[in-house]
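Undergrad: The following block contains the structure, expressed as structure tokens.
The values are calculated or read from the model by the stated rules, or taken from the named source; none is laboratory data. From a predicted model like this one, the values you see are computed outputs, not experimental measurements. Virtual Cβ from ideal backbone geometry, glycine too; neighbours counted across all protein chains shown. For accessibility, only protein heavy atoms count, side chains too; no ligands or nucleic acids. Shrake-Rupley method; radii C 1.70, N 1.55, O 1.52, S 1.80 Å.
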Amino acid sequence: MVYRNNNIENTENKKADNLSVYPFTVDVPSFPERKYLVAIYRFARITYVALFIAMIIAILTILRAFSRDISPRFIKWNDIENKYQYVKSSYSQKQTTLSYSQYLNEYFIRTYISKRFSISETSVTNFNNWCDCSNKTASKMGIFNTDEECYLCQYSSSKIYKSFTDNVQNAYTTMANDGITRTVDILDITLQSAYETNPELSIVEWFLNKTKPISITQTFRVDFIVNEFKNSKPVSREVLIGFITVSGNKTSPQKRGVINESYMFNPNYDLILRNGGLNAKR
């Protein structure tokens, strides 16, 4: 007796255990070229996908390259710090908005430091630099008027000026009465940080097309030497580091003010003085 069902079941089990793979799954005796056509189709599909991915990566790479700013970093020897340091340089358009104000602020800082630490032979000059400006208004020239009365008071915050009058002015007055004068040599001014403050407009102000002043705030590091004389003879020299924050209206270059300041002795003062103050100019 023959059991056909068992034979069919055994045959199906064997087929399940030995599944055909390419190209045998498409290898039809009546159409032998079929397996080659399928292979070409699969290869073309993989090629198209690879080309599409490569094209997307190329486009993203180009966009990324054009979106990046050119900001090289240079290495130079810092004679003041007696070490190598990185110097950042930026050619991006974003920095051009601060270059003009940076120049003005550096000019202002040179004038401010000179009046803050110098002592003149004439009492009138000292008074104009140190006097109280509570009953005075600044001239239209602003920071460009180096003969401005009460210069330190006019162009520094009330907190900064009060600290000067409480801790420094009396000592300076005593030194001036004793025939002591002081001059300042600026060695270097370096921009540490900068930002703009653009006030938000209310809906009504925006609808009326009104604008609010944009303020620019910059912090500088200043390396300088204070020379002290007694009856026109040199007595001492101090090498100082100052961190000064200046703020002002972007559209009013003559209006600037010191909102924060701190000073310390330079640890490399011996080296700087030995090098003749790095040929600093007053």
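Undergrad: Which FRET efficiency, nearest 0.05, do residue 178 and residue 214 yield, Cβ-Cβ r, R0 35 Å?
TA: It comes out at approximately 0.15.
Undergrad: Still on this structure, please answer the following. Taking a probe of 1.4 Å, how large is the accessible area per residue of segment 126-272, in Å²?
TA: About 56 Å² of surface per residue is accessible.
Undergrad: R0 = 41 Å: FRET efficiency of residue 52 with residue 195, Cβ-based, nearest 0.05?
TA: For residue 52 and residue 195, the calculated efficiency is 0.40.
Undergrad: Would you kindly state how much longer the chain becomes between residue 243 and residue 269 on full extension, computed as 0.36 nm times their sequence separation minus their alpha carbon distance, in nm to one decimal?
TA: Details: separation 26, 0.36 × 26 = 9.36 nm, distance 1.70 nm.
Roughly 7.7 nm would be gained on extension.
Undergrad: Note down the nm distance, to one decimal, between modelled labels 7 Å out along Cα→Cβ at residue 125 and at residue 250.
TA: Simple spin-label model gives 3.8 nm for this pair.
Undergrad: State the extension gain, in nm to one decimal, for the chain segment bounded by residue 144 and residue 170, taking 0.36 nm per residue of separation less the distance between their alpha-carbons.
TA: My answer for the length gained is 6.6 nm.
Undergrad: To the nearest 0.05, what FRET efficiency results for residue 159 and residue 67 with a Förster distance of 35 Å applied to their C-beta separation?
TA: With R0 = 35 Å, the Cβ-Cβ based efficiency is 0.25.
Undergrad: Using a 1.4 angstrom probe with every protein chain in place, what is the largest-first accessible-area order of 146, 245?
TA: Heavy-atom accessible area, descending, gives 146, 245.
Undergrad: Output wanted: per-residue J couplings in Hz (rounded whole) for segment 233-248, from phi through Karplus 6.51 cos²θ - 1.76 cosθ + 1.60, θ = phi - 60°, x for Gly and Pro.
TA: Taking θ as phi minus 60°, the curve returns 10, x, 10, 7, 9, 10, 9, 10, 10, x, 10, 10, 9, 10, 9, x Hz for segment 233-248.
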